[in-house]
Structure formats: C-alpha cells, structure tokens
Number of protein chains: 2
Amino acid sequence: MAEKKMGNQTVKFETCPYVIGSAAVVGQKEGEGPLCSWFDVILDDDMFGEKTWEKAESKMLKEAMLTALRKSGKEKQDIDLVLSGDLLNQLMSSSFMARDLHLPFLGLYGACSTMTESLLLAAMLTDGGFAHNIIVGASSHYCTAERQFRMPVEHGNQRPPSAQWTATAAGAMVVSEKEPDLSKIGHVDEKQKIFTPCNIRVDCGTIGKVIDAGVKDANQMGSAMAPAAVDTILNHLQDTGRAIDDYDLILTGDLGYIGKDIAADLLVDAGLDKKTVKQKYDDCGTMLYYRKEQDVHGGGSGCGCSASVFSGNIIRRMQRGELHKVLLVSTGAMLSTISPFQGESIPGIAHGVVLETC
Amino acid sequence: MAEKKMGNQTVKFETCPYVIGSAAVVGQKEGEGPLCSWFDVILDDDMFGEKTWEKAESKMLKEAMLTALRKSGKEKQDIDLVLSGDLLNQLMSSSFMARDLHLPFLGLYGACSTMTESLLLAAMLTDGGFAHNIIVGASSHYCTAERQFRMPVEHGNQRPPSAQWTATAAGAMVVSEKEPDLSKIGHVDEKQKIFTPCNIRVDCGTIGKVIDAGVKDANQMGSAMAPAAVDTILNHLQDTGRAIDDYDLILTGDLGYIGKDIAADLLVDAGLDKKTVKQKYDDCGTMLYYRKEQDVHGGGSGCGCSASVFSGNIIRRMQRGELHKVLLVSTGAMLSTISPFQGESIPGIAHGVVLETC
C-alpha cells in the first residue's frame, strides 16, 4: 500500500474520492444574503413546518442530505454510511435525522469544524475501501444555538459587536469512490439549470490539533478559533510542501470579520506573502451575510455556515470551472456551556480538506 | 484492493490492526465492584484532585489514554490521531483532554456507544493506511451526568428502580498497524504483574443504524437501547455468515439488567438458540457493580461503563488467553436533554467490533 501520511497531520488519498453531489438548505435571513442564488432550498419560515426549532434544524439537515443524494444520481440503498454532526447537545439534529434516514450512522462533534471533519473522514473511509458512497453533513440554527449557548431568543438581549450570528443552514455532500454520471448531475441541478463540466475530487486533508490561545470571552469566537485555523493551514502547507499560491482559494469556516483579520495577520507573521494572503484567503463567516444591511455583528458562525457555503457556493463554482483547487478549513470553538464558568479558556480546532477539479 | 465490505453494515480489515495497549481508570464505587482487580487506576476521590467534576472526568480520560500509551510501549510522537467522545455537552471531557495531549483529534458523539465507535473508526483509519497508531477512548462521570441529564446531585432525588447508574470511568486503547513488543507489554503491566502471551487484533466491525423502538421514558434506557443492540448483532451475524457460537463472548455496552433481559429475549425471538444466548451473551452494565450491595438500580451505564470493562477486563482476559474471539457492542441512547420535552421517543444506536487473539 502506498504511504498515505504526509508529515505529521496530513493524509493523502490514493483513489481521490469524488464529491458527486452537494446541497445547501438555508433560512430566510441567509436566503437574503449575497450567496442566495447558490442555495438549493431557502426557507420561507425558519420553523420549516415543525413545532420546535430543534425539529426544524433536524429537518433542514435531512433535506440537505436527501437533496445532495438526489443530485448525486444515487439511491438511498447505494449509501453505506452517514457521517454528521451539529451544535445541539447530544447531536439532536443529527440523531433524529439519522433515525429517519435509517442508514448506518456515526455521529461527530467538532463544533463548527464538523463539515470538514465529516468530509475528511468520508474521504478516508472511501479511499480505505470501507464504503462505496457516504453522505456527510452538518447543520446549525440561529434559534436553537441562541437558546442553548446564550439567552432565550425572546429575551432580546443586546449582543456585543464581536458576537457572531449563528447561521440557520445545513449543508451536505455525497462522497463516492466512483465518478458521477455528469449528464445526470447536469440534469438534476434544477435551480441553476446549468451543465456542470467538472468533477470534484478530494486530494488530501489535514487533521487539526486542539489549540488554545487563552481567549476567555465567549463573544470572541473568531479570535479564539483563528490560531487553530492558522495552525492547521501552516501544518498543511508544511506537510504537503505546497504554497498558498498553489490554491485558488483558502477558505476558513466561520472566523467572521475579526477572526479573519487575525488569521490573515498570523499567516503574514508566519512568513507568507501579505498580498497573496489577501488575494487567496477568505472566510465563510464574512461571505454569508451583507455585513451592514443584515446586522450580523461579527459575521456568520455555526456548523451550517461553512457547511452551506462549501456545499452551495464552493462546490458549484468548482463544478462550473471557476475554481480548481481549494483548501477548505472549517473551524470549531470547543468550549462547553459550562467551561467558561469553571475559569476555562476556549480551545479551538480546525480541519482542512483539499478539493480539486478534474 | 480487496473488498472490505461484508453485507450492508459490516467492514472487514485487510491488515487486522492490533490493540497494543489499553487502560481503565475508574471511580471509588467502580473500584469496589466485582471487576476491581482489572482496573489500572482506582480513584480515592472522584474529584481526582480537581475543582469540578467535569475537570475530574477530563483528567480521568487523559490518565486512561496516557496509561494505555505507556503500556503500549509507544511514545506520544508515535501517535497520529486521538479519537474520543463523552456524554458532556460539547464533549467537554474530550476537548480539554485533547488540548492537553496536543495531538491531531477528531471528536465523536455516539452517547454510550462511543467506545466502539472510536475503536471501529481507528481500525478503519489504520487499516486504510491513514495512521500508524491511534489512541481511542471514552469517559463518563456519575456527577457530571446526573447534573446534566437529571437533577443536581445535591438534590438527592429518588430514582426509579429502572434508572441506571452512570459509571465514573474512562477507558482507552492504542490501535496500531504493527504488533506490539510483547516483552514490553508484559513488563509495563505493573498492576497485574503477569506476562501477556496473546496479541489482540481487530477482525471486523459493524456500523449501527439508529433504531427507535418508541420508548419515551428516560429512566428506561436499557429498554430503549436493546432493540438497537439486537439489530446490530443480527446484522453482524448475517453480514459475516457467523453464528454466536463462533464467539467466546458477545458483550453489549450498558443495557443493564432490564435491557439485557430484553436483548436476550429478542435474540431468541429472532431464532437464536436460547441456551447459547444465555451462555455467550453478557452486558457490561450488569458486570461493573454488585447488584444488590451497591444499590445501582438498573445497572451501570455511561460511555465509561463499556469503555472501562472492555479496556480493563476484556482486553486483559484476551491477553491472558482466557477469551479468544469477542464481539463488543457498545450501545447508545441518542436522546437529548430536551427531546423528551418535545414529545420525542428515544433513538438507540449500537456499533460492534470483533477482537481476536493471535
């Protein structure tokens, strides 16, 4: 067997599994943002016909997975495994989604890094020969996250300018050992009604370490996660011997406006060229909403932020041939609701996955 | 590449990775139970020198991982990845453990099924060539679980007879592509001071589906999880073409007294021989405590229950040559703290891993 480890944290794939389908389901506010035309489903009402926010989030995740499945041209019985996670205690959205799908399921928790955690694991398990097709995904919901992590939504408390807005969004992808039937994918991409000339493959991935920069303010998630994102990007470049110039885009998950600036500064401090960083690096948390008009303070956050931007915007731009080689780095803040009360700082984590067109 | 899928839910390994080290750290009550002589560390005080129960649990998990590492004869720099989970919201124990270990980390949540989830994933990633050595583990703590899932411990509320006792325990194993240096392992097994003549390999594993039998009583976890355990066992036998007679032991995670009886009945209903089921099948939740003397009502539960019984008792009995082929099936109840209030029943899940001596 060929060596699949590169350096300390990076794995490369022998077969380079394909992303053969993807979908993003977003809430009303996200559907009014700059990326609105890239999403498969935009909800009229964030309750999505359910009686509770949690059930709505679970339904969004299921909808994203089933839409990605339909677009992949596969059937449910072709799927060997579902890998997913969310922010809710005991993975409520994922667990109930998995109950409804009734497929083998492994639950993951990486806070907002879950989308790349699931994608990276799926690529490893497919490349390793343990599955032919895997659905991966992640979700979050503004109202479920607010009441779990902060305040009851009805309380209407004032948020500091650094606080980020948890995206009401879910993203999903189908990872497969075989290339997709492109005519089918062109056909089922109903919303965009475009032919997608490119296949997308997973080239390699970098598994993150937990990095704690000592930030203790739970309204400063971007600052807390930025060092983890930078650590993963730098380790990735070192492990692979690549430069940021080798990528069309390096995209972090949800550092938001403050965290993105910190990450960019840290990358430059580490010796990368300032102009190239400015040109190549972006963050999903700064892409999902109109900054001023939509009043999202520090930018977007939540598992669904990078999940929907990757699955909606990035995958489609790659399929269209606008982007060829992209490093996706979802970022997670691994604090708990009680760890700050116990004097703990906020540990961050970030996992990277490289997608490439072919 | 050889086909690694067997049937719908089972994966088999080409290289059959080795379990080269394991350790169990348990609380005071668990250290007074019938398995006390099998554990590496028994705490004098369940606070473990920390100021909070959560920090104590995290320290127990770290202690289990570092002890397993030491017993494996490997060094920290040999480890490519840590896979772990626990019951605490946002995986508090695992996240802070991973911060301290400073190794690449993927967080998992499968409720009390996490031990076999981590072991199965580690075997797949090692067999797939993505890691040379992986540490896996899971933990739980009576006091952290009580206050998160039930009542403040100080409240001293009365528990119904079916309620299970969350184990204060952590278990960890080191999974490796290469066989261990047996003389080293014999040497470092300080407590037992025995030579361990057998190697242990991971033969195959079965990934569970979420099964919901409609149980709504959160004090009836065993009943809620038993159908998932039985589903995984039956699918495992079907996928592999094996019979329960092919195993020395089939061991579920933490169904407890009630759940174990239900699982045994369901296995017999499915056509398995009653006498063989009685002879081969057991449950960790019924093994960890003295039923009457220790007043644990429905039996043991929590991620740490199967984690410590597998890592302490089972692995050592296999190393000694007392058990040769074992199917471990950790079981998880995927309810959330709020899903019962939203009228939901309790989804269960169970993953199976086969260990074999050689």
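Quick notes
- Average Cα contact separation per residue, chain A, under 8 Å, 6 or more apart, as relative contact order %: 25 percent
- For chain B, the mean projected area of the C-alpha convex hull, equal to one quarter of the hull surface, is 16.6 nm².
- Relative contact order of region B:102-157, defined on C-alpha pairs under 8 angstrom at six or more residues apart (%): 23 percent
- For B:S345, inter-copy separations between label points set 7 Å beyond Cα along the Cβ vector come to 4.8 nm, shortest first.
- All alpha carbon pair distances within the protein assembly as shown were sorted into 20 Å bins beginning at 0; the resulting P(r) in whole percents reads 20, 56, 23, 1.
- Here A:K278 is the anchor, and the aspartates and glutamates within straight C-alpha reach of less than 20 Å, apart from those fewer than 8 places off in the same chain, are A:D231, A:D245, A:D246, A:D248, A:D254, A:D261, A:D265, A:D269, A:E322.
- Sorted by Cβ neighbour density within 10 Å, fewest at the top, the residues B:E146, A:E293, B:E32, B:E54: A:E293, B:E32, B:E146, B:E54
- Total formal charge among the other residues, if their Cβ is under 15 angstrom from that of B:S94, Lys/Arg +1 and Asp/Glu -1: -4
- Residues A:H351, B:H102 arranged by fewest to most Cβ contacts within 10 Å: B:H102, A:H351
- This ranking places B:T232, A:T126 by how few other beta-carbon atoms lie within 10 Å of each, fewest first, which gives A:T126, B:T232.
- Pairs beyond 26 Å (Cα-Cα), from A:K12/B:K59; B:K12/B:K325; A:K216/B:K55: A:K12/B:K59
- For A:Y290, inter-copy separations between label points set 7 Å beyond Cα along the Cβ vector come to 7.2 nm, shortest first.
- Aspartates and glutamates whose Cα lies under 13 Å from that of B:K51, excluding same-chain neighbours fewer than 8 positions away: A:E344
- Max mean-square fluctuation residue, GNM over chain B, Cα-Cα springs under 10 Å, options B:G205, B:G259, B:G241: B:G241
- Among B:V19, B:V210, B:V268, residue whose mean-square fluctuation peaks in a GNM of chain B (springs only between Cα atoms under 10 Å): B:V268
- When each full DSSP H helix of chain B is screened for a Cα extent of at least 27 Å along its own axis and an average Kyte-Doolittle hydropathy of at least -0.5, the helices passing are B:221-240.
- Exam field: A:D261 pseudo-label spacings to other copies (7 Å along Cα-Cβ), nanometres: 6.5
- Lysines whose Cα lies under 20 Å from that of A:K74, excluding same-chain neighbours fewer than 8 positions away: A:K62, A:K178, A:K184, A:K191, A:K193, B:K5, B:K209
- When chain B is treated as a Gaussian network with alpha carbon springs shorter than 10 Å, the biggest mean-square fluctuation among B:K325, B:K274, B:K216 belongs to B:K274.
- q = 0.14, 0.15, 0.16, 0.21 Å⁻¹, region A:215-302: log10 I(q)/I(0) [Debye, one scatterer per Cα]: -0.47, -0.54, -0.61, -0.98
- Cβ neighbours within 10 Å from other chains - mean over A:342-349: 5
- Across region A:201-357, the mean sequence separation of Cα contacts (distance under 8 Å, 6 or more residues apart), normalised by length, yields a relative contact order of 39 percent.
- Think of it as helices only: each DSSP H run of n ≥ 4 in chain A is worth -39500 (n - 2.57), and spread over all residues that comes to -9500 deg cm²/dmol at 222 nm.
- Residue-level result for chain B: its Cβ closest to the axis carrying B onto A, with that distance in Å, is B:G128, 1.
- Paramagnetic label reach from A:E179 (point 7 Å along Cα→Cβ; backbone nitrogen cut-off under 19 Å): within region A:9-24, residues A:13-22.
FYI, it's all coordinate maths here, none of it is from the lab. No experiment lies behind these values; they were computed from the predicted model shown. All Cβ positions, glycine included, derive from the backbone under ideal geometry; neighbour counts span all protein chains shown.
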